[in-house]
Amino acid sequence: MVAGKKIEIQNRATSVLGLLKREYPVAICELTHDSAFQLLAATILSAQCTDARVNMVTPALFAAYPTPEKLAAASLSHVEQLVRSTGFYQSKAKNLIGMANQVMTQFGGEVPKEIEDLITLPGVGRKTANVLRSVVFGLPGLPVDTHVGRLSRRLGLTKLEDAVKVEYELNALLPPAEWGEFSLRLILHGRRVCDARKPKCDECLLESLCPSSSLPTKRKPKKVAEKRAKRVARKSTKKVAREPVKKAKRK
Ligand code: SF4
């Protein structure tokens, strides 16, 4: 990438960060939790499911299995029953029990903090690991979910589709201390304004710097109008020039 373009993207990322901070001063994770273990379980359940739905099932799950030790000894069918409404409940229940087992056997009952350890747990990928790191451990971590990926591409911060590559590209554009909340704010903006199918560009605070805005830019209509005026002027000049020739032919 040429240096000028790189600086332009860097500046845009900084502007997006500032505007989002102003719009969403409080960036919180919408999954209800009281501990790293609870957030880990809730994030595993949030795959292909809304946070609101996960928040409906976790109170009963955490009441029945409040610790990794209890969840590790749970019956699969009971966990399946508790998490059924979140979808893919069989694999999610299996992952929850497997995660709890591994936390007990390999990490002494404590959810690990390092990304390399977190991603060894069943049902945990980089996105979940980064949620844990940034939300409960206060460590750098930029979770890339569907909203973060879509908005980053629309805002021209990346062209990549792969979530892990997007994470690395965004990491390079922002200070590590901002990674987690930047992700949370992009998620909020994606849910409220930059919808996947119908982005509300006319309500968007990022519109003036977004290359994907569906609105005409301020300079565009003027340019279009200027071009149109020139075209009309050229046509009428040609018409005037052709007029006497036609008349001469008719005579
Ligand atoms: S201007 Fe439109 S496409 Fe760009 S971020 Fe805002 S809502 Fe999304």
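The values are calculated or read from the model by the stated rules, or taken from the named source; none is laboratory data. Nothing here was measured: the structure is a model prediction, and the numbers come from that model. Cβ sites come from the backbone with ideal geometry, for glycine too, and all protein chains shown count toward neighbours.
Worth a mention:
- Look at (1) without any contact (Cβ under 8 Å) to a residue 60 or more places away in the chain; (2) surrounded by fewer than 19 Cβ atoms within 10 Å (Cβ to Cβ); (3) within 16 Å of the ligand (Cβ to nearest atom) and you find that P175 fails only one, number (3).
- Members of region 187-218 found to be within 8 Å of the ligand (Cβ to nearest atom), without any contact (Cβ under 8 Å) to a residue 40 or more places away in the chain and either under 17 Å from Y24 (Cβ atoms) or not hydrophobic (A, V, I, L, M, F, W, C) (or both), listed by number: V193, D195, K200, E203, C204, E207, S213, S214
- Residue list for region 63-103, restricted to those being closer than 19 Å to V124 by Cα and polar (S, T, N, Q): T67, T86, Q90, S91, N95, N101, Q102
- Residue within region 177-188 that is at negative phi and outside any helix (DSSP H, G or I) present: no
- Search result, residues across region 51-63 that are hydrophobic (A, V, I, L, M, F, W, C) and under 22 Å from F107 (Cβ atoms): L61, F62
- Number of positions in region 180-203 that are among the hydrophobic types (A, V, I, L, M, F, W, C) and surrounded by 21 or more Cβ atoms within 10 Å (Cβ to Cβ): 5
- Residue pairs whose Cβ atoms lie under 7 Å apart, sitting 6 or more positions apart in sequence or on different chains, and linking a residue in region 1-24 that is in contact (Cβ under 8 Å) with a residue 60 or more places away in the chain and assigned by TED's automatic domain parsing to the domain that holds L184 to a partner that is among the aromatic types (F, W, Y) and surrounded by 14 or more Cβ atoms within 10 Å (Cβ to Cβ), are L17/F182.
- Index of the failed condition, G87 passing every other in (1) small (G, A, S); (2) crowded, with 22+ Cβ neighbours inside 10 Å; (3) within 24 Å of I187 (Cβ to Cβ): (2)
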